Amino acid sequence: MGRQLPPGVPVPDELLLDPEATLQICRSFIRAQFAATGAARAILGISGGIDSALVAHLLADALGPERIVGVIMPYATSAATSRADALQVVEKLGCAVEEVPITAAVDSMISALPDGGATTPIRRGNIAARARMTALYDRSALHRGLVAGTGNKTEYLIGYTTLHGDAACAFNPIGDLYKSQVRLLAAHLGVPEQIITKAPSADLWPGQTDESEGGFDYPTLDRILLRLVDRRQSVAETAAEGFDLSLVERVRGMVLASEFKRLLPPIASIGTPNRSIDHLRNASAS
């Protein structure tokens, strides 16, 4: 507890947080989800990346490792280091682990598509993400569990997430933490250093990294998002603080274009528009 970030892993000053206070919030949040639902276990996809590693540590802290089922779901092109890092996390925590290879399911789906031979890496990655979530929800039915989300605030805001894939979950303890803050809390909880320091990657193809694909670095991206979203600054105000104007405009565009991913699907109001069920909670059985 209370560990410092490894060298070369920066957290901007304006994104610093109190790790112990944040841990207490996450702990209370997780316990409340399980108290409300009566679920027996947390089901968690373990990718070998920092986000799922942090969520695994948070779940172990809040519930105990005996109530966690970590699921490793490799595809044919997944890096061998991803599986090794995922196994290190579950072995360190003492969680149950299941391995569900998804290559056959994903390739079968691709081959069934009319243009399956032309599927791009991004489309293949989306199919893989949805195959993984199918596996997680099947495991949740088997173990009477809740699927834990592992997406961070940065990913949600720029739309770097797959609907009905990695975005699907029953609850998410890190969805309000920027990537830089994920790194800070991960170091505090003792997530293995090689997971904290390695380049974030969705493992879509060999050598792929989030930052090289997106054309940004996470500390800068987080600082821009903090200003545009949390502080409600304009593009001009944010650029005036020394950020590249074209990058700020691009980040704003990503946030706006991906808004639909952060909302429930809109429903046409045919009858009464009131969808609240509060009256059912307050009414007696009679």
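A few notes on this one:
- Sequence-ordered 3J(HN,Hα) estimates for region 130-137 from the Karplus curve with 6.51, -1.76 and 1.60 and θ = phi - 60° stand at 6, 5, 5, 5, 4, 5, 5, 6 Hz, glycine and proline given as x.
- Under the Karplus curve 6.51 cos²θ - 1.76 cosθ + 1.60, θ = phi - 60°, whole-Hz ³J(HN,Hα) for region 235-247, x wherever Gly or Pro sits: 4, 5, 5, 5, 4, 5, 8, x, 8, 4, 4, 5, 5
- Just so you know, the Rg over Rh for the chain is 0.98, from Cα atoms, with Rh as the Kirkwood radius.
- Neighbourhood charge, 13 Å Cβ-Cβ cut-off, centred on Ala40 and excluding it, Lys, Arg +1 and Asp, Glu -1: +3
- Inter-part distance where region 39-58 and region 213-235 are each reduced to a Cα centre, Å: 26
- Proximal aspartates and glutamates relative to Lys92, as straight alpha-carbon distance under 19 Å, when same-chain residues fewer than 8 apart are discounted: Asp51, Asp61, Glu66, Glu193
- Take the Cβ atoms of Glu259 and Glu66, set R0 to 45 Å, and the FRET efficiency comes out at 0.70.
- Potential extension, Glu213-Arg250 segment - 0.36 nm per residue separation minus Cα distance: 11.9 nm
- Extension gain from Arg31 to Ala199, taking 0.36 nm per residue of separation minus the Cα-Cα distance: 57.4 nm
- Inter-centroid distance (Cα atoms) of region 173-193 relative to region 252-273, Å: 29
- Sorting the segments 18-30, 231-243 by their residues' average number of neighbouring beta-carbon atoms within 10 angstrom, most packed first, yields 18-30, 231-243.
The numbers here are math on the coordinates, done by the rules we state, and not lab data. Note that the coordinates shown come from a computational prediction; the quantities given were computed from them, not determined experimentally. Cβ sites come from the backbone with ideal geometry, for glycine too, and all protein chains shown count toward neighbours.
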